[in-house]
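The values are calculated or read from the model by the stated rules, or taken from the named source; none is laboratory data. Just so it is clear, the structure is predicted and the values come from calculations on it, not from any experiment. Every residue, glycine among them, receives a Cβ derived from its backbone with ideal geometry; neighbour counts consider all protein chains shown. What goes into the accessible areas is simple: the full protein's heavy atoms, side chains included, and nothing from ligands, DNA or RNA. Shrake-Rupley method; radii C 1.70, N 1.55, O 1.52, S 1.80 Å.
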Amino acid sequence: MKSFNFFSSVSLTALAVIMNLASCTQDVVEGKLYVTPVPSEVIWQKGVFRITPSTTFSVDASEADKNNIESLILASSLGIKKSENNKSDNHIVLKVVGALHGLTSMEGYELSVDDDVLKIEALSGAGLFYGVQTLLQMASESPEIPAVKINDEPRFQYRGMMLDVSRHFYDKEFVKKQIDLLSYYKINRLHLHLTDAAGWRLEIKKYPRLTELAAWRTKAVWKDWWNGDRKYCEETDPNAHGGYYTQDDIRELVAYASQKYITIIPEIEMPAHSEEVLTAYPELSCTHVPYKQADFCVGNEKVYEFLENVLLEVMEIFPSEYIHIGGDEAGKASWKTCRLCQARMKEEGLKDVNELQSYMIHRMEKFLNSHGRNLLGWDEILEGGLAPNATVMSWRGTEGGIKAVKAGHKTIMTPGQYCYFDGYQDAPQTQPEAIGGYLPLSKVYSYNPVPDSLSKSEKELIYGVQGNLWTEYVPTKEHVEYMLYPRMIALAEVGWSRQENRSWEDFHIRALKTVDQLKQKGYNAFDLKNEVGNRKEAQSPIEHLALGKKVKYNASAWKNYPANGDNTLTDGHRGGWNYNDRMWQGFVTKDGVDVVIDLETETEIHSIAADFMQICGPGVFMPAKAIISVSADGENFTQLVEVDHKVVKDDAVSFKNFGWKGKTKGRYVRYQALPSKEFGGVLFVDEIVVL
Ligand code: ACM
């Protein structure tokens with residue numbers, strides 16, 4: 001059969017096109033393949049393979065793989081039967097083989113179709129499973145499978161999703177439902193954030209108070225609890241909210257996931273985010289007082305005994321190569337005055353508390369390595385020196401990941417600005433309350449996890465990518481699905497498909513269809529077709545009299561949110577829904593915003609105004625006052641207006657313009673905005689527009 005290599009570019013046409021090849025007497029029908037993640041290579045051929053009730057299939061693989069693949073097919077809507085002999089003239093052959101030309105990944109597969117036989121070959125059970133998922137996606141479009149040859153393999157070995165089951169607990173059946181979907185899109189890791197202040201979620205036989213007390217709290221909804229008493233309660237308390245997985249639950253989940261070629265990675269937080277442990281076992285904190293600290297006492301030998309005992313039980317039930325030890329956001333304050341921590345620092349010659357944290361991570365790594373496991377941690381594990389075999393999850397941007405690969409370590413990219421699905425995915429006023437931010441589907445899809453700046457060998461250490469759902473503001477299962485899909489599916493394509501094969505326009509067409517399919521399957525996906533998009537002011541630049549003019553800062557901008565530096569307030573770009581989009585500049589001091597713009601010549605002015613945003617959760621507030629003045633010489637200013645605003649704390653994300661209108665003349669414009677005495681917080685302003 002003559003073939004036509006369609007896939008030199010992935011811009012799949014929406015409509016079928018009849019290709020008439022001069023060199024070939026046969027017509028090849030090039031269609032659109034609705035397969036996500038988009039495969040590496042698709043060669044269109046002539047003909048179709050019809051799936052009918054008499055179609056049969058056979059699997060040639062190890063016993064375990066054979067069972068997994070057969071179960072997948074028999075549970076699917078294909079409606080086909082198993083047949084060990086390949087005699088039927090409408091047969092699907094699935095086979096693990098020793099070698100496949102052109103594939104480099106053990107997870108790759110080759111799918112070929114001709115009129116009588118549809119064949120999937122792979123180097124492993126996982127590869128075969130992914131080939132079948134591709135077939136299932138094609139068959140969901142039509143039982144007439146176009147004659148194609150697909151050679152497909154993942155770009156990254158690690159394609160993960162993290163679910164925070166501490167802030168809100170979701171039962172094992174719900175986790176299984178997500179595993180079904182993740183595996184359909186060729187995700188191969190599920191990272192469970194099992195422990196945090198809001199609840200410990202794993203039975204540990206040696207330490208029963210972790211699940212008798214630390215898994216239960218006084219309020220069901222995290223936000224009520226966090227803004228309320230933040231107390232734990234006994235499991236037997238009639239008002240207890242929470243839950244945990246028993247070790248048998250975990251065995252069941254791990255086995256279920258493994259049949260779908262997903263490894264579950266447990267995260268046990270240390271040394272911080274451990275208020276719940278330190279209330280159940282206060283002797284493990286520096287003060288021994290419950291409800292006092294989030295950090296373990298890392299100078300105390302008993303802490304190592306506790307953590308090692310916990311990890312022994314964890315390793316017993318999670319076969320994963322990686323054990324995630326958290327490592328993020330330690331306050332470290334109590335270590336500075338704790339007798340045991342100080343003694344440990346002295347004994348080990350550690351110069352600061354960062355090195356003390358690093359000492360602890362090194363020890364835990366040694367322990368894990370001695371049990372044949374590897375340590376995975378958030379990028380703070382770089383501080384004070386990285387443990388020799390550790391893999392880093394880069395979440396505070398990509399710098400941690402870059403630093404890790406430059407030091408020869410593997411890294412998993414999961415930067416907040418692309419991979420944190422707890423932020424708004426559309427205009428906040430149209431969405432349920434989220435933690436803030438704005439991460440639409442297009443932004444997730446735009447992520448390329450391999451920075452150009454890396455050398456070839458450094459690039460090879462980018463092990464993969466992960467989407468994270470933190471659940472502070474996600475109290476229900478329906479809401480979890482809403483936040484995850486379709487964003488997680490965009491990230492599945494980022495993780496699997498070649499960069500040059502990816503096209504946002506093409507993905508968007510598939511994603512719209514995917515959302516409909518997910519709803520039919522009972523997943524509460526975000527309604528992509530009604531997406532509003534970014535704040536309209538942010539969609540195009542604005543021309544005005546101060547554009548490009550120099551800004552003098554009487555009060556400094558906050559270095560954590562510099563946006564575009566000293567150009568931000570006159571660069572013509574207004575901010576979107578997210579204060580972290582590098583258009584909004586942050587001001588955190590009591591002086592708030594105090595800047596002077598030099599218009600370079602005396603200018604007639606009719607309007608001076610700026611937008612501010614408020615989102616109270618992360619401490620972003622409106623100003624209580626704006627003062628606008630002009631001057632001819634930059635020394636003597638005439639005040640044009642003083643705008644007062646009553647700052648009110650609420651759940652909404654809001655935007656407000658503070659300005660003056662009239663007629664004046666001046667060369668210098670001074671814009672001041674002061675935070676409220678009551679709330680303070682950060683002021684975010686995007687552009688001072690002078691007209
Ligand atoms: C994190 O978001 N604290 C890893």
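Computed in the context of the full set of protein chains, the accessible area of the chain at 1.4 Å probe radius has 50% of its extent on carbon or sulfur. Given in Å, the Rg to one decimal and the Dmax to the nearest whole number for the Cα atoms of the chain are 28.5, 95. For region 242-380, a Kirkwood hydrodynamic radius built from all Cα pairs, placed in the Stokes-Einstein relation at 25 °C and 0.890 mPa s, yields a translational diffusion coefficient of 155 µm²/s.
Compute the relative contact order of region 327-415 as a whole-number percentage, counting only Cα pairs closer than 8 Å that sit 6 or more residues apart in sequence.
22 percent
Ignoring aspartates and glutamates fewer than eight residues from LYS663 along the same chain, the ones with Cα atoms less than 12 angstrom from its Cα are GLU604.
Per-residue Karplus couplings for region 540-545, computed as 6.51 cos²θ - 1.76 cosθ + 1.60 with θ equal to phi - 60°, are listed in order as 8, x, 10, 8, 6, 5 Hz, Gly and Pro entered as x.
For the chain, the relative contact order comes to 9 percent (Cα pairs under 8 Å, sequence separation of at least 6). All other residues whose Cβ lies under 11 angstrom from that of ASP506 are scored, Lys and Arg at +1 and Asp and Glu at -1, for a net of +1. Looking at region 220-264, the accessible area is 51 square angstrom per residue; that uses a 1.4 Å probe and ignores ligands, DNA and RNA. Accessible area per residue (1.4 Å probe, heavy atoms of protein chains only) ranks TYR420, TYR244 as TYR244, TYR420, with the largest value leading. About its Cα centre, the dipole of the chain is roughly 500 debye, where the only charges are +1 on Lys and Arg Cβ and -1 on Asp and Glu Cβ. With K and R counted +1 and D and E -1, the other residues having a Cβ less than 13 Å from that of SER62 yield a net charge of -2.
Taking all Cα pairs closer than 8 Å and separated by 6 or more residues, the relative contact order of region 391-499 comes to 28 percent.
Pairs exceeding a 28 Å alpha-carbon distance, out of LYS549/LYS590; LYS410/LYS477; LYS176/LYS231; LYS81/LYS177: LYS410/LYS477; LYS176/LYS231. Taking 0.890 mPa s as the viscosity and 25 °C as the temperature, the Stokes-Einstein diffusion coefficient of region 341-438 based on its alpha-carbon Kirkwood radius rounds to 161 µm²/s. Extents of region 416-477, taken as max minus min of Cα coordinates on every principal axis and listed largest first, are 44, 20, 14 Å.
Rg/Rh, computed from the Cα trace of region 197-315 with Rh as the Kirkwood radius, has the value 0.99.
Please state the charge dipole magnitude for region 158-211, taken about the Cα centre, from unit charges on C-beta atoms (+1 on K and R, -1 on D and E), reported in debye and rounded to the nearest 20.
Its charge dipole is roughly 180 debye.
Calculated accessible area for region 538-617 comes out at 46 Å² per residue, all protein chains present (probe 1.4 Å; ligands, DNA, RNA ignored). Reported to the nearest whole Å, the Cα centre-to-centre distance from region 501-565 to region 42-75 is 41.
The rule of thumb for compact globular proteins, 2.2 N^0.38 Å, goes into the C-alpha radius of gyration of region 542-691 0.97 times. Think of a 1.4 Å ball rolled over the protein heavy atoms: region 363-464 then has 36 Å² of accessible area per residue. For the residue pairs LYS536/LYS665; LYS519/LYS656; LYS82/LYS521, the alpha carbons lie more than 32 Å apart in LYS519/LYS656.
What is the packing order of peptides 211-220, 269-278, taking the mean over residues of other C-beta atoms within 10 Å and listing the highest first?
For the peptides 211-220, 269-278, the packing ranking is 269-278, 211-220.
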